[in-house]
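*Asks:* Could you have a look at this structure, given as structure tokens, before my questions?
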Amino acid sequence: MYRLIKTEGAARRGEFVTVHGTVQTPGFMNVATAGAIKGAVSAWDLKELDCQVQLCNTYHLHLRPGDETVKKLGGIRKFTGWEGPVLTDSGGFQVFSLAKLRNIREEGVTFASHIDGHKIFMGPEESMRIQSNLGSTIAMAFDECVENPAEYSYAKMSCARTTRWLERCKAEMTRLNAREDTLNPKQMLFGINQGCTYRDLRVEHMKQIASMDLDGYGIGGLAVGEPAQEMYAVIEEIEPHMPKDKIRYLMGVGTPANILEGVRRGVDLFDCVMPTRNARHGHAFTMEGCRNMLNAKYTLDESPLDEQCGCPVCQRFTRAYIHHLFKAGEMLAMRLTVMHNLYFYNNLLKKIRGALDEDRFEAFYAENIEALSRRI
């Protein structure tokens, strides 16, 4: 259940109540693809980093160790040790981005595993069953992720199919939640808005899925190569048609500046691999901009990564030491920088919530948008 507390312009301050805990919004979800944060960060570390939600990947967990294995071990939360809410994506994006061979039919998609090439079939019912086995808090509907740019006619046909698949997802989840052996009988379902960058398709699709009274709504198919301004324009176009009393999730976005812009346009929830992926390549996010810790200028720098940061890394380690670890090829370099970046993202959303609480979000936006877009 989503509770809207207050607004400032289109920006929203709220709470999302789930069976596994309450999420303060706007919020960031931390991507634990195969049940762990890349960079040797565990679920136990996440507690120290102000994380609220862990996001796990249906496609990857289905392939290894297998969703039935996870169910036998008590579900994804017990398996990973994460006690808070977990969102599992549907596997749709990975099917369309990783699979080498795929055949899309009305029933679903047949594709070759990116690991060993064996054939797998996944449709709405299969995706819901996998996510039910994982026992996540929130399951994402199975959708078709269309390449961008796409022909208008294909994008229109795909939206219609995604809507039909959503109806099947909803029916299957209702059935699964009623079973006696279901790990989480209160599992929630989020629908996903598609339509590439065609405004009319986006709006029409949003209207269709909004009428289905789901637990929340994702905006998919953005941040896949189109200019940021185009993404913002799409969000602005569909925002008036998104239910006010349901949580809104911008999938796979993005940079700190993208998040600030997304909140300003009415988005409640974000996820992205950027804080962890960039960290593993030596890039540390700070309120002054992004630092490349491979740069020689940090060789003798005894400051923390971010002098405004309260994370465990900034309390204990210097830029000089982290620079040395990267140069020496030590795994600890990645672990420390990933931990810092995750804390930074979660703390940035905490600052945004604080600004909304105090009716000064626009001032916070004006003070920080330029710095958050900067490379130092």
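*Asks:* With labels modelled as points extended 7 Å from the Cα through the Cβ direction, what inter-label distance (nm, one decimal) is found for R360 paired with K38?
*Replies:* 3.8
*Asks:* I'd like the Karplus ³J(HN,Hα) series for the range 73-81: coefficients 6.51, -1.76, 1.60, θ = phi - 60°, whole numbers in Hz, and an x wherever there's a Gly or Pro.
*Replies:* Rounded to whole hertz, the list is 8, x, x, 5, 5, 5, 4, 8, x.
*Asks:* Of I209, I37, I120, which is the most mobile in a GNM of the chain whose springs link Cα atoms less than 10 angstrom apart?
*Replies:* In the Gaussian network model the winner is I120.
*Asks:* Continuing with this model, one more query. Would you report the distance distribution of C-alpha pairs in the range 203-277 as whole percents per 10 angstrom bin, up to the bin with the largest distance?
*Replies:* Reading the bins upward from 0: 19, 56, 23, 3.
*Asks:* I'd like to know which of Y345, G329, C314 lies farthest towards the positive end of the charge dipole of the range 280-372, counting +1 on Cβ of Lys and Arg and -1 on Cβ of Asp and Glu.
*Replies:* The listed residue farthest towards the positive side: G329.
*Asks:* Continuing with this model, one more query. Using DSSP to call loops (not H, G, I, E or B), can you name the trypsin sites (Lys or Arg not before Pro) in the range 50-116 whose Cβ has at most 15 other Cβ atoms within 10 angstrom?
*Replies:* K100, R105
*Asks:* In the chain, if the dipole is taken from +1 on Lys/Arg beta carbons and -1 on Asp/Glu beta carbons about the Cα centre, which of G225, S303, V17 is farthest to the positive end?
*Replies:* Farthest along the dipole direction, towards plus: S303.
*Asks:* I'd like to compare 107-117, 153-163: which one has the highest average count of other Cβ atoms within 10 Å, and what's the full order after that?
*Replies:* 153-163, 107-117
*Asks:* Related question: Take each complete run of DSSP H in the chain, measure how far its Cα atoms stretch along the helix's own axis, and keep only those covering 24 Å or more with mean Kyte-Doolittle hydropathy at least -0.5; list them.
*Replies:* Qualifying helices: 331-357.
*Asks:* Order these by the 10 Å Cβ neighbour count, fewest first: L46, L4, L325.
*Replies:* Fewest-to-most ranking of L46, L4, L325: L4, L325, L46.
*Asks:* In Å, the Kirkwood hydrodynamic radius of the range 154-280 over pairs of distinct alpha carbons?
*Replies:* 15.5
*Asks:* Work out the length of the dipole vector of the range 131-177 about its Cα centre, built from +1 on the beta-carbon of each Lys and Arg and -1 on the beta-carbon of each Asp and Glu, and round it to the nearest 20 debye.
*Replies:* 240
*Asks:* Please report the equivalent ellipsoid semi-axes of the chain, computed as sqrt(5 x eigenvalue) of the Cα gyration tensor, largest first, in whole Å.
*Replies:* 33, 24, 20
*Asks:* Using the number of other C-beta atoms within 10 angstrom as an exposure proxy, rank V95, V86 with the fewest first.
*Replies:* Fewest-to-most ranking of V95, V86: V95, V86.
*Asks:* Still on this structure, I have one more. Could you tell me how many cubic angstrom of Cα convex hull volume the range 101-146 has per residue?
*Replies:* Measuring per residue, one finds 92 Å³ for the Cα hull of the range 101-146.
*Asks:* Further question on the same structure: Suppose each label sits 7 Å from its Cα in the direction of the beta carbon; what would the A296-L4 distance come out to in nanometres?
*Replies:* 5.6
*Asks:* Quick one: grab the alpha carbon gyration tensor of the range 1-56, order the square roots of its eigenvalues as a ≥ b ≥ c, and give me rounded if a/c is under 1.5, else prolate or oblate depending on whether a/b is larger than b/c.
*Replies:* prolate
*Asks:* Counting Lys and Arg as +1 and Asp and Glu as -1, each charge on the Cβ, what is the dipole of the chain about the Cα centre in debye, to the nearest 20?
*Replies:* 660
*Asks:* Counting other C-beta atoms within 10 Å, and keeping those with at most 14, which DSSP coil GluC sites (Glu not before Pro) do you find in the range 1-104?
*Replies:* Passing sites in the range 1-104 do not exist.
*Asks:* Quick check: pseudo-label points 7 Å beyond the Cα along Cα→Cβ at A150 and K47, how many nm apart are they?
*Replies:* Simple spin-label model gives 4.2 nm for this pair.
*Asks:* Then there is this: Hey, for a label at R161 modelled as a point 7 Å past Cα toward Cβ, could you say which residues of the range 110-136 have their backbone N under 14 Å away?
*Replies:* 110-111, 122-124
*Asks:* Report the net charge of residues surrounding G108, where surrounding means a beta-carbon distance below 13 angstrom and charges are Lys +1, Arg +1, Asp -1, Glu -1.
*Replies:* It works out to a net charge of 0.
*Asks:* Compute the Rg to Rh ratio over the range 280-372 from the alpha carbon atoms, using the Kirkwood formula for Rh, and round to two decimal places.
*Replies:* That ratio equals 1.03.
*Asks:* Using every Cα-Cα pair within the range 1-139, state what percent have a distance larger than 17 Å.
*Replies:* Of all Cα-Cα pairs in the range 1-139, 63 percent lie more than 17 Å apart.
A short reminder: the numbers here are calculations on the coordinates, not readings from a lab. Since this is a predicted model, take the numbers as computed values, not measurements. We place every Cβ from the backbone using ideal geometry, glycine too, and count neighbours over all the protein chains shown.
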